[in-house]
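See below for the structure under consideration.
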Amino acid sequence: MKVIVIAHAHPDFSVGGAEIAAYNLFRAIKARPGHGEAIFLARTELASQSHGSIMMRRPGEFLWRQDIGDWFRLRTQNPMSVMGVFREFLKTEQPDVIFLHHYVNIGVEVLREIKVTLPDCLLVVTLHEYVAICNRNGQMVKNKTKKLCYRESLEDCSNCFPERTPQDFWLRKHYIQKNFEYADAFVAPSEFLRRRYIEWGIPAEHITVIENGQPSSLMPKAGPPSRQLRTRFGFFGQITEYKGVEILLQAIHVISNEIRAKAVFEIHGANLESQGQWFQELIDTLRKPLIVEGCLRWVGPYEPTELAQRMSKVDWVIVPSIWWENSPMVIQEAFVNGKPVICAGIGGMAEKVRDGVDGLHFEVRNPLDLAETIVRAASEPGLCQKLKANIRAPLSLEQCADSYLALVA
Amino acid sequence: MTTLAADSSRPSAPVIRRAQDGVAAGLCVDRVVADGEFLALSGWAIGGQDLTFTVASGDGVSMLPSLTFFPRDDVAAGYGIPDNLVKGFLATWRNRPRGDMQVRLNLGAGEPLGIDLRVPEQSRAAEVAQFLTEKLSLARFLFEGLINSPAAISLLVNHLDEPPAGFNRARGHIETARGIEGVGGLVVGWTVGEPDVSFRLVDDQGAVVSLSGAARWTRNDIVEAMSRDFGDYAFNAGFLHGWRGPLRFGGSVRVIASTDDASYALAEIKWSPAPLDPVSFARWVFEFPTPREKFAERLTKHDGAIINALIERKIARRAKTPPTIQEYGRQAERPKCAVVVPLHGRHDFMLNQLLAFSDDADFVAGAELIYVIDDHRLVSPLAVDAPMFAASFGVPFRTVWGGENRGFAGATNLGVANSCAPFVLLLNSDVIPLASGWLERMRSVLVAHPEIGLLGARLHHPNGAIQHDGMGFQWEPTWQAYLNKHPGAGLPGSPSREKFVKRQAVTAACVLIRRDVYDAVGGLDEKFLIGDFEDSDLCLKVREKGLEIACLPLPVTLIHLERQSFSAIGTSSFRDYVARYNAWRHQARWGAAIAKLSGVDKERATSK
C-alpha cells in the first residue's frame, strides 16, 4: 500500500501541532516494516521555491509552494497549480491512500482534485481546529467581543462579520461542504471537535476520533518525590491573547502572599513581541511586580528539544486557554512527562484532562477560580502524586499510525 | 346694424337703445383680434341677459367662447349711469370659428341688439400685442384661450410683472427644471396661495400647463416659512409637473399666479439637462417625495412616460456590434437545454453553481451553460477567473458580454439569442442546486406536456423554507396595481410531489421554456426599469398563447439566496419606487388580463 501524507506545513520550517502530527504519522508509517511506500507532501511558503511548484525536500519528502487566495471560502490561491503540478504529482505517485492533515494554506479544492484524479484512492482528512465552521480563524470565539461561540448559524456568523450577509455564509458553508463530500473519512483528534463538526453537518459515522501520537520513549520513569522549596507551576506555549497567560498572571495576583511564597510560576513561551500593543502592555503590567517579588520566572522561548528538560522541573502544567482548543499538544507532552495538568474546563482541554483524576479544571477565563485551583494544588498534601499516578500514557506514534491504517484497511 | 372695417382697432360703434330715463341697453365690440387659431373679442354690454356669438357665414352655428366679464367704469362714466350696469366682456376661442360673426345681446321680450363683425384672418402683430397688454389683468382667461397660440402666450407672459410689494395672496418658486430635448422634462418647485389663486407654468415659447394637475406634497421648510402669512395654505406647497412639450436648453420656464384681476410672474428658471440614462433619471425624479399612495397617478400624469421614453431611447441606441463570446471547456455538440445565467454585481456565485453542476453528469453532458456578463466591472474578473473555473470544475460554459449593462431581461434575452438548444432554462446566479438530475427532470415534464408553456421549480431558502412555489397576483390598493405574491413563502411547504402543479405565474429565477415559445412571445420585456415583473409579464404573454404555467414541487434541491445581486444598486427607498414604477407599467399592460384571470380562478374555485 502506498500512502501520501499531505500537510499544510513542514516541521523543518514550522512547529505547530498539526504539522508535527502529520509528519510523525508519515514517519511512523514509513518505518513500518513491509508496509510499502510512504510520501510526505508539505505546503511551503519558501521564497526560494517558485509559486505552485512541487520540489523534493529529501527522498520521500516534497514541498509544495501553495497558499490560500480566499480565506472566506478557503479557496486556493493557485488553482492552476492544483490542476497542474499537483494533479501530475498524484498521477505519478498513484497512492492508494492519502492522509490529508489540514487543507489550510493549501485550499479546500484539493479534496475534490484528489478524488477526481484518483477515484480509487482513499482520502482521509484530519480536522484541526474549527476552520471550516468558523470564519474567525476557526476559533469559534466571537469576533470583537471574544465571547465563546457554541454553534455556528448563518445569522450568528453574519453578526460576527457584518460585512458578510447570511447568504454569504451559506455560500461559504456550501462550498466547503461540497468539497468535503469528496473525503472518504474524517479524523478528529478530540471528541469535542468531532461533535462540533457533526453539528455542522458531517455525518457522525464519517468522523473517527484518533488522538495525535506522542513519542513514547520520552515517558520518564517515576523518580523519587522531589524535595523542593516551592511548588512549581509551568506554562508552555505561545503567548497570544488566546492562550490565557493574562488569566494566569491575574490569578497569581489574587493568591495570598503566604501561599505565593510557597509557589513559583514559570512562563515558557514565545511570540509576545508580535502581539498587539495593548496585550503586551497588559502582560507587562501584570508580570513586573511578580517578577520582582520572586514568584514568577519569565523564562521565554524554547526549542522543541528543550521541552522535556524544562517540563521535568515543574510539578504542574497550566493550560489556561480562553478558547476551546482541539487537542493541545502541551497536554500530551505534560502527560508524557508525567505532569498533572490544570486547565480551563472547556472543549478539547476538558476532554483530555480528567478533572480530579489526572488534572484539575477551573472555570474558563476566571482568574479567581484558577487562583483557588492553584492554591489547592499547592497546599493539598499528596494531591499532585495522586493525580500523577493516574496519568495514562498518551497514544504512541505507532498506535496512532495503527489507528489511521485501520481506517483504510 | 353696423359693419366695420376688418382691421380697425375699434371694430364697432356702440349700438345704444335709449329709454326715457337714459340708456336702457347697449352693446359694443371694441377689439377683435385673430392670431392663428386664437380669436378674441372684447367690448361691453349694458343691460340684457346673455350674449351670443354666431358665425354668419356657416350654418348660423353658435360658437361658445370662453367668456369672462369685468367692470368698465369708463363706459359707465361716459354714459352717466351706475358702474354696475355696465359689463365689460372678453370672449376667447382657442380653436377659432372661421367667418364673419354676429354678436347679439338678448334683451328678453325686446328686440336684441346686434353687431355684425368682419373677422380678420390674421391681426397685425402690433395689434395683437396691444390687445394682450391692455388685457393683462385678464391674463388667466387668456391663458386658457391662447393655449394653442404659444406666440401670443409668450408675448403675454413677457408683459407680466413681478408681483408688487403689496401683493400677499400668493408666493412661489421654481427650484429645478430639467429635461431632455425631444423627450420631456420635469419642473419642480413650490407655490402657496389662497384657493382662488391659480398657478401655471409657462415657458418662453408660450407653452402653458396649469399646476392644478401637479403632483404635490407638503414641504416642512415651506410650512415653517410660510404658515405665519398663509396659515393652512402653506401645506401641500411642493409641486412637480411633467413637461411633455418641446423644451430648449437656455430657454426658461416661469410660474405665474393669477387672481381674478391680475397675473404675476412669481419665478423663472432656465431649463437644464436631465440625465439621459433612465435609471439615473429615475434616481433623480424619485427623490421628490410625492405621496406614495398617489405615485401611480403621478407616473401617469407626469414622469412615467418620460422614463418609458428614455428606456426605449436607450434600447434603440444600443451598440449594434455583436457580443463578445468566450467558450470555456469543450462545449456539448447537441445540447438538450440552454441554461442562461445573467451576472451582475458579483460573480462568486459561479463557484458554488459550478461546483454543484460538476457532479451532475446529465448537466455536464447536456446543458448549454451561458453566463451573460451584465456589468462592466465583471468583464475583467471573468476573463481571469473563467478559464480557471472551467478547468477546476470540469463544467463547460460560455460567457456573453453585450458591451453594456442591459438589466436582467436584456441580459437574459442576449444569452438566449446566443444559445442553440431547443429548451431554455432561465436561472439566477444565486440559485444553487444541492443535488443532481433536477434539470433533466424539469425538461422531461415539458417534453411530455406540450400544453405547458412555462415550468417553474420550487425554490427554497437556505434554511429549507419555501422561497418560491409558484406566484399569484394580488391587488394592492395602495399601489393601485396587481403585485406578484409568493404563496407559502417562508413556510415548510407541502410535501414534494412527482407531478407539476398549475400556477398563475412562476418566477424567472428558475424557469424552463421551449425555445420556440420564448421566441414567439418575444422573450423577456426589457422595458421595465432595472428589472422586475419580467417574469409575470412573460407568464402572461405565454398564457396569451393559450399555454399553461406550472411549477414542479421539488424536494429541497434548489436554494435561492434571493436578491443578493441587487444589494449594489442603492437605497431601499429607491428600490421601492422602482418597484412601484414597474408595477404601474405592468398594471397598464396586464391589469385587465389579470382581473379576468382571477375571475376565472374564482369560478373554478366555486364550481368545485
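The values are calculated or read from the model by the stated rules, or taken from the named source; none is laboratory data. The shown structure was predicted, so the numbers you read here are calculated from the model rather than taken from an experiment. Glycine also receives a Cβ, built like all others from the backbone with ideal geometry; neighbour counts cover every protein chain displayed.
Annotations for the structure displayed:
- Residue that is surrounded by the fewest Cβ atoms within 10 Å (Cβ to Cβ), among those in the stretch A:77-105 that are within 24 Å of A:ALA188 (Cα to Cα) and at pLDDT 95 or above: A:ASP96
- When the residues of the stretch B:522-552 are filtered to those that are in contact with a helix residue (DSSP H, G or I) (Cβ under 7 Å, 6 or more places away or on another chain) and in a strand (DSSP E or B), the one that is farthest from B:GLY407 (Cα to Cα) is B:LEU552.
- Qualifying residue in the stretch A:322-341 (condition: farther than 22 Å from A:ARG194 by Cβ and of a type in the set (Gly, Ala, Ser)): yes
- Candidates B:ALA139, B:ALA207, B:ALA165, filtered to the one that is surrounded by 20 or more Cβ atoms within 10 Å (Cβ to Cβ) and at negative phi: B:ALA139
- Within the stretch A:111-151, the set of residues being β-branched (Val, Ile, Thr), surrounded by 17 or more Cβ atoms within 10 Å (Cβ to Cβ) and under 30 Å from A:LYS243 (Cβ atoms) comprises A:VAL124, A:VAL125, A:THR126, A:VAL131, A:ILE133, A:VAL141.
To keep it simple, each residue is scored yes or no on (1) buried (at least 23 other Cβ atoms within 10 Å of the Cβ); (2) over 21 Å from B:LEU446 (Cβ atoms); (3) within 14 Å of chain A (Cβ to nearest Cβ); (4) not charged (D, E, K, R).
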position	(1), (2), (3), (4)
B:GLY464	no, yes, yes, yes
B:PHE473	yes, yes, no, yes
B:TRP479	no, yes, no, yes
B:SER494	no, yes, no, yes
B:VAL517	no, no, no, yes
B:VAL521	no, no, no, yes
B:GLU526	no, yes, no, no
B:GLY531	yes, yes, no, yes
B:GLY546	no, no, no, yes
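- Of the candidates B:VAL379, B:VAL339, B:VAL372, B:VAL364, the single residue that is away from chain A (no Cβ under 14 Å), touching a Ser or Thr at 6+ places or on another chain (Cβ under 9 Å) and under 21 Å from B:ALA435 (Cβ atoms) is B:VAL339.
- Among the residues of the stretch B:356-385, those identified as surrounded by fewer than 22 Cβ atoms within 10 Å (Cβ to Cβ) and aliphatic (A, V, I, L, M) are B:ALA361, B:VAL364, B:ALA365, B:LEU378, B:VAL379, B:LEU382, B:ALA383, B:VAL384.
- Some residue of the stretch A:134-141 being within 24 Å of B:ALA391 (Cα to Cα) and more than 14 Å from chain B (Cβ to nearest Cβ): no
- Of the residues B:VAL223, B:VAL253, B:VAL197, the single one that is under 27 Å from B:ASN308 (Cβ atoms) and either touching a residue at least 60 places away in the same chain (Cβ under 8 Å) or surrounded by fewer than 22 Cβ atoms within 10 Å (Cβ to Cβ) (or both) is B:VAL253.
- Comparison of A:VAL125, A:VAL116 shows that the only residue that is among the β-branched types (Val, Ile, Thr) and away from every other protein chain (no Cβ under 14 Å) is A:VAL125.
- Among the residues of the stretch A:170-218, those identified as among the small types (Gly, Ala, Ser) and free of Cβ contacts under 8 Å to residues at least 24 places away in the same chain are A:ALA204, A:SER217.
- Residue list for the stretch A:152-184, filter: over 30 Å from A:CYS121 (Cα atoms), surrounded by fewer than 18 Cβ atoms within 10 Å (Cβ to Cβ) and away from chain B (no Cβ under 14 Å): A:ASN159, A:PHE161
- Counting only residues that are in contact with a Cys (Cβ under 9 Å, 6 or more places away or on another chain) and of a type in the set (Val, Ile, Thr), the stretch B:377-424 holds 1 of them.
- Residue in the stretch A:69-76 that is more than 14 Å from every other protein chain (Cβ to nearest Cβ) and farther than 22 Å from B:ALA390 by Cβ present: no
- A Cβ distance below 7 Å, combined with a sequence gap of six or more or placement on separate chains, defines the contacts here; from the stretch B:469-480, residues that are touching a residue at least 40 places away in the same chain (Cβ under 8 Å) and within 26 Å of B:THR557 (Cβ to Cβ) reach residues that are buried (at least 17 other Cβ atoms within 10 Å of the Cβ) and polar (S, T, N, Q) in the pairs B:MET471/B:ASN484; B:MET471/B:GLN504; B:MET471/B:THR507; B:MET471/B:SER536.
- Lone qualifier among A:SER403, A:SER379 - being over 26 Å from A:THR208 (Cβ atoms), of a type in the set (Gly, Ala, Ser) and either touching a residue at least 40 places away in the same chain (Cβ under 8 Å) or touching a Leu at 6+ places or on another chain (Cβ under 7 Å) (or both): A:SER379
- Any hit, the stretch B:553-563, residues being part of a helix (DSSP H, G or I), crowded, with 20+ Cβ neighbours inside 10 Å, within 14 Å of chain A (Cβ to nearest Cβ) and at pLDDT below 95: no
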